[in-house]
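Let me begin by handing over the structure; questions about it come next.
The values are calculated or read from the model by the stated rules, or taken from the named source; none is laboratory data. Small disclaimer: the values here were computed from a predicted structure and weren't measured. Because the Cβ atoms are built from the backbone with ideal geometry, glycine has one as well, and the counts that use them run over all protein chains shown.
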Amino acid sequence: MLDFETTGTSAKSCRAIEIGIVKIQNLKIIDTFRSFINPGRPIPPYITTLTGISTWDVSDAPGFNDIADSITKFIGGSILVAHNMPFDHSFLRMEYTVSDRSIPDNSTLCTLKLARKIYPSLPSKSLGNLAKQFRLMHKNVHRALGDATVTAKLLLKMIGELETEYGISTADELLKFQGTSTGKRFKMIKKSLVQDLNTLPGAPGVYFFKNKKDEIIYIGKAKSIRKRVNNYFANTAEKKAKNIVRKASKISFERTNTELTALLTEAALIKKVNPPFNSQLKRYSQQYFIKVKLNHKAPNISSTQKFDFNGNDFFGPYNNRETVKALIEIVNRSFKLRECTEKEFAKKKACYLYDIKRCLAPCEAKRVSKKKYESEIDKAYKFLEGNSQPAINSLLNKMKKFAENQKYEEAAEIRDTVNLILNQLSRASILSEPINKANVLLEITEGVRKDYLLFKEGQVFIKNFMPDKTDRFVEALSDYYENTINHFSGISEKDLEQIKITLGWLVKNRNSVKIYYLKNYESKHELELAVGF
C-alpha cells in the first residue's frame, strides 16, 4: 500500500514531501515504511493546513534520492496498491526519474477503481468516505502512513467480498478483475434462467446449474445464493462462469442454515455427483498448527500447515505463523523437551541445551526416565490447552532463584518468557484439545439460524446435514455419554476433509462459533439444556 503527501497535485511541477508504505502478506499487515522527504522547496501554506506538514518539518529530512534504495528494497516484487493509483504512481515515477534511477516495474492495483466496481451505489468512493462507511479506523488522516494503512484495511475488506461474491482468490484474478469493464448482464440464451434467478434467496446454501437433461453441470456455494449466482451473468464474470451459463437450462438451490454448512454441503455433493464444470481438487484456506510428534520415543513439537490422522497430535488452528512460532518458543523455554533434529537425536549425545537445563536429554536414555519425559510432555499439553498459570508460576520461581544468586542475565531471559506468555494469552487456538482427539460440540450462528457440528475423536457428525442419508448426530452424542462403542465406520477421508473445511472457516469466523466441550457435562441431557436444542 503506497501513499504520498505532496506539494501539489501535478507530478510534473510538484514534489513529494512524505511517503508511507504498508506491506501485506497472507492477508495480514506485516511491515511498514514511512519517511519525510525534503522537496527542495517551501511547502505551500494550504498543504500545511491539509496535512500538518510544514517546511520546517522536512528541512532536515532526506531527499528522495537518499531513500530510493530503501524504498526499492522494501517494495521488492510486490503489487503496488494505492487509492487513486494514477496520482501516487505518477509521483513515484517522477521521483525515480529525477533521481536518475530505474522506475520499479511492479504491477499496480487501484482501490478507487475497485470501489467503483464493487460499491457502485455509494455516492462517494473517496478514502475518507469508504473508511467511514465501513467503520475502518483511520488515524492520521492526510498523512502518508495513516492513509496507506487505512487503504490496506480497505483492500483486505474488498478481497473478502470479492472471494465471496466473485470467486476471486488469487492476485492474478484480482488484477484481471480491476481491468474488466462494468456494465449490464450479458445476454442470456434461455428465458428459463431469468425465471429461476427470480426465485433465488438471499440466504446461504448451495446452487446447481443444470442442462436440458436436468443433469447437474456445476455446484456452487454462497453466503447469499442470489448475489453469487447473479454474478455469473455480469460482464465482469470469468470465462468459466459464462460457459456454465451458456450450457445451463435450469438453476436450482438448497438452502442451509449457515455459510459453513453450505461449504460442507458443496464439498460432499461435488464428490458424489462429480459435475463436469467442478474440480475435485479442494483448496483449503491457510491454517497453522502445532504438531506433537507422538510416533517418536521422545516426542517434540513443531509448526506445520498440514493436518492429518497420522498418529500425532495437532493443536490449532492458529491465525498466523508468527503466533505458532511464539507459542513454540514459549514451550521450549518453559519445558525441557528436545528441540533437536532426528539426525542430532540419533547421535545419542546430549547437546548444550542439556547443560543449560533446557532439555532432559532423552537422546541419552540413562539421563532421564521415560516417565519423567512424559511428565514434561503432559505439562506442555496443559499449556497448549490454555492452562498457562502453572508454567508462569514455575518460571517466576526460577527467576526468583536466579535473581537471588545474582544470575541476572538468566533471570532476565525468564522474565522475557513470562512476558511472551502474557502477550500470547489472547491468541489461543480455536480448540483447547488436540484436534484429532477433540470431543466438542460446535454451535455455529449466522443471523437467527444455527448449525451444530460434533467432533468426536476425529469423526464428524452434522445435525440435519442434507447430503447424509441418515442423521447420526444424536446417536453419536449418546454413544459418548453412554460410553458405548458405536457401529459407525472409523475415521475416513470424508471426516478429514470436513474437519479441514470447518477449521478453515472457523479461523476467519471465530466470533460466530460457541464451543461446548463434552467432558464438561455429565450427561447428554445436561449438554442439551446448556445448548438449548
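With the requirement that a residue be surrounded by 16 or more Cβ atoms within 10 Å (Cβ to Cβ) and either closer than 23 Å to Thr9 by Cα or outside the structural domain of Ser102 (by TED's automatic domain parsing) (or both), what does region 59-85 give you?
Those that are surrounded by 16 or more Cβ atoms within 10 Å (Cβ to Cβ) and either closer than 23 Å to Thr9 by Cα or outside the structural domain of Ser102 (by TED's automatic domain parsing) (or both): Ala61, Gly63, Phe64, Ile67, Ala68, Ile71, Leu80, Val81, Ala82, His83, Asn84, Met85.
Still on this structure: Inside region 46-59, can you point out the residues that are assigned to a loop (DSSP other than H, G, I, E, B) and free of Cβ contacts under 8 Å to residues at least 12 places away in the same chain?
If we filter region 46-59 for residues that are assigned to a loop (DSSP other than H, G, I, E, B), which is where we start, we get 52-54, 59.
Within region 46-59, just Ser54 meets the criteria.
So which helices (runs of 4 or more DSSP H) stay within region 249-355 end to end and still have 2 or more residues that are more than 18 Å from the chain's Cα centre (by Cα) and in contact (Cβ under 8 Å) with a residue 60 or more places away in the chain? Spell out how you get there, then give the answer.
Values: elements: 259-273, 321-334, 342-345, 352-355.
Of the helices (runs of 4 or more DSSP H) lying wholly inside region 249-355, those with at least 2 residues that are more than 18 Å from the chain's Cα centre (by Cα) and in contact (Cβ under 8 Å) with a residue 60 or more places away in the chain span 259-273, 321-334.
Could you say whether any residue in region 96-115 is more than 21 Å from Thr6 (Cβ to Cβ), hydrophobic (A, V, I, L, M, F, W, C), modelled with pLDDT under 95 and part of a helix (DSSP H, G or I)?
Step one: of region 96-115, the residues more than 21 Å from Thr6 (Cβ to Cβ) are 102, 105, 107, 114-115.
Then drop every residue that is not hydrophobic (A, V, I, L, M, F, W, C), which leaves 114-115.
Within this subset, residues satisfying the condition of being modelled with pLDDT under 95 are 114-115.
Still in the list and also part of a helix (DSSP H, G or I): 114-115.
Yes, there is a match, as at least one residue in region 96-115 is more than 21 Å from Thr6 (Cβ to Cβ), hydrophobic (A, V, I, L, M, F, W, C), modelled with pLDDT under 95 and part of a helix (DSSP H, G or I).
Could I ask something else about it? From the residues in region 244-257 that are in contact with a Lys or Arg (Cβ under 6 Å, 6 or more places away or on another chain) and among the polar types (S, T, N, Q), which one is nearest to Arg226 (Cα to Cα)? Break it down stepwise before answering.
Within region 244-257, the first condition is being in contact with a Lys or Arg (Cβ under 6 Å, 6 or more places away or on another chain), and the residues that meet it are 249-250, 257.
Restricting the remaining residues to those that are among the polar types (S, T, N, Q) gives 249, 257.
Numbers: Ser249: 17, Asn257: 15 Å.
Of everything passing the filter in region 244-257, Asn257 is nearest to Arg226 (Cα to Cα).
Scan region 398-436 for residues that are under 22 Å from the mean Cα position of the chain (by Cα), assigned to a helix (DSSP H, G or I) and modelled with pLDDT of 75 or more and jot them down.
Answer for region 398-436, where residues must be under 22 Å from the mean Cα position of the chain (by Cα), assigned to a helix (DSSP H, G or I) and modelled with pLDDT of 75 or more: Ile435, Asn436.
For the condition in contact with a helix residue (DSSP H, G or I) (Cβ under 6 Å, 6 or more places away or on another chain), in the same structural domain as Lys297 (by TED's automatic domain parsing), modelled with pLDDT of 85 or more and not hydroxyl-bearing (Ser, Thr, Tyr), what is the one hit in Leu353, Leu360, Leu395?
On the way: Leu353 fails: in contact with a helix residue (DSSP H, G or I) (Cβ under 6 Å, 6 or more places away or on another chain); Leu395 fails: modelled with pLDDT of 85 or more.
Exactly one residue qualifies, and that residue is Leu360.
Another question, then. In contact (Cβ under 8 Å) with a residue 12 or more places away in the chain, crowded, with 16+ Cβ neighbours inside 10 Å, farther than 14 Å from Ala152 by Cα and in contact with a Lys or Arg (Cβ under 9 Å, 6 or more places away or on another chain), is that true of Ile43? Give the steps one after another, and end with the answer.
Values: in contact (Cβ under 8 Å) with a residue 12 or more places away in the chain: yes; crowded, with 16+ Cβ neighbours inside 10 Å: yes; farther than 14 Å from Ala152 by Cα: yes; in contact with a Lys or Arg (Cβ under 9 Å, 6 or more places away or on another chain): no.
Considered against the rule, which asks whether it is in contact (Cβ under 8 Å) with a residue 12 or more places away in the chain, crowded, with 16+ Cβ neighbours inside 10 Å, farther than 14 Å from Ala152 by Cα and in contact with a Lys or Arg (Cβ under 9 Å, 6 or more places away or on another chain), Ile43 comes out as no.
Given (1) within 21 Å of Leu454 (Cβ to Cβ); (2) in a strand (DSSP E or B), identify the lone condition not met by Lys221.
The single condition Lys221 does not satisfy is (1).
Inspect all residues belonging to region 375-394 and state whether any of them is over 21 Å from Asp313 (Cβ atoms), of a type in the set (Gly, Ala, Ser) and outside any loop (DSSP other than H, G, I, E, B). Please lay out each step first, then the result.
First pass over region 375-394, keeping only residues over 21 Å from Asp313 (Cβ atoms): 389, 392-394.
Filter once more, so that each one left must be of a type in the set (Gly, Ala, Ser): 394.
If we keep only those that are outside any loop (DSSP other than H, G, I, E, B) too, we end up with 394.
The answer is yes, given that some residue of region 375-394 is over 21 Å from Asp313 (Cβ atoms), of a type in the set (Gly, Ala, Ser) and outside any loop (DSSP other than H, G, I, E, B).
Here is a further query. Exactly one condition in (1) hydrophobic (A, V, I, L, M, F, W, C); (2) crowded, with 17+ Cβ neighbours inside 10 Å; (3) modelled with pLDDT under 95 is not met by Trp56; state its number.
With respect to (1) hydrophobic (A, V, I, L, M, F, W, C); (2) crowded, with 17+ Cβ neighbours inside 10 Å; (3) modelled with pLDDT under 95, Trp56 is out only on (2).
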